[in-house]
Amino acid sequence: MLCYLLAAYFLYAFCLVVGVPPSKPLSATSGSYLALALFLFMLPESKKLKLGRLFEYEARVKEIKEEVKQFKDETRTTLAAYTNLVSAISNTVSQTINVNLPSRAEASQANEELDTTLKTKTAQTEIEEQIENFLVSEGNDLNYALAKLRMQLEKELRRILGKRLGTVSHIGEGTRFLSARSLFLQFIRQHPDYEGISSSFDYILKVCNAAIHGQYVSEGYAHEALTMGFRMLAELKNINVQEF
C-alpha cells in the first residue's frame, strides 16, 4: 500500500508538470517523476529488481512463508522427540532400584550387637588383614568385594541350614533359591541365640545390595560392612550343620 500511495503521488506530480493531457515537453524532472511512479507501482509485484550495484531487491514472500512453515514443523518434531526422550528417562529412573544406605547410628548399634552376641572373638588386626587380602584378591573393587561377601554369607547360612548349595542337573527345574533374608530368618528360628545380630546382618545386606545394584558405596561404608561381614563369617563357620 505504501508503494502504491507513493506511485500515485509521483504520477500526480508528473501530471502537474506536463499537464493533462500532456502539453509540455518531457524534462528531467517530469521524467524522474514518471520513472519513480512506474518503479513504485511495479515494486510490490516484482520478483527481483536490480539497479546496478547500488540496489537489489528480491521479493521472496512465498519462499519465506514456506521456510517458516518448515521451521515450525521441524520445531514441533524436535519438541515431540524431546518430550518422548524425557518421558523415557523418567520412566527408567522411576524403575531403577534405589537402596538406602544405613546411617552411622545403625552402624554403631550393629557393632555393639556383634560384640555382645558373637562367641568367636577375632582381633581387629586379624580382621583388617583378612579384608586387605580379600580386596587384593578381588582387584580392589569394592562393589565386587561386597557382592562376594554376600555370596559367602549366604553360602554359610545354606550350609548351616542344610540347604543345597548347587543347582539340579536340568537347568530350569527347581533352581530357585531362598533369598539371603529368608535364610537368615530361618537361621534365627533355629538358633535364637543369634537373634541379636539381626541389625548387623541388615546393615551388611543393605550395603552389599547397594553395591550389587550399581550404587556408589563410599570406602567408609564398604569397610564397615566388610568388617562386620568377616566377623559374622568367622562365627558362622564355627556352627555345625543342622541335623534333620
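The values are calculated or read from the model by the stated rules, or taken from the named source; none is laboratory data. Bear in mind that the values here come from a model prediction, so they are computed numbers and not experimental data. Neighbour counts are summed over all protein chains in view; Cβ atoms, including those assigned to glycine, are modelled from backbone coordinates with ideal geometry. Areas reflect the complete protein model, heavy atoms only, side chains present, ligands, DNA and RNA absent. Shrake-Rupley method; radii C 1.70, N 1.55, O 1.52, S 1.80 Å.
Here are the numbers for this structure:
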quantity	calculated
Centroid-to-centroid separation of the stretch 202-230 and the stretch 4-22 [C-alpha atoms, Å]	95
With eigenvalues of the C-alpha gyration tensor scaled by 5 and rooted, the stretch 197-238, Å	19, 10, 8
Sum of side-chain charges, D141 neighbourhood, beta-carbon under 13 Å (Lys, Arg +1; Asp, Glu -1)	-1
Listed residue pairs exceeding 18 Å between alpha carbons, taken from K121/K237; K119/K148; K121/K206; K121/K163; K163/K206; K119/K237	K119/K148; K121/K206; K121/K163; K163/K206
Simple spin-label estimate for L5 and E112 in nanometres, 7 Å along Cα-Cβ	9.1
With all protein chains modelled, accessible area of D73 [1.4 Å, Å²]	60
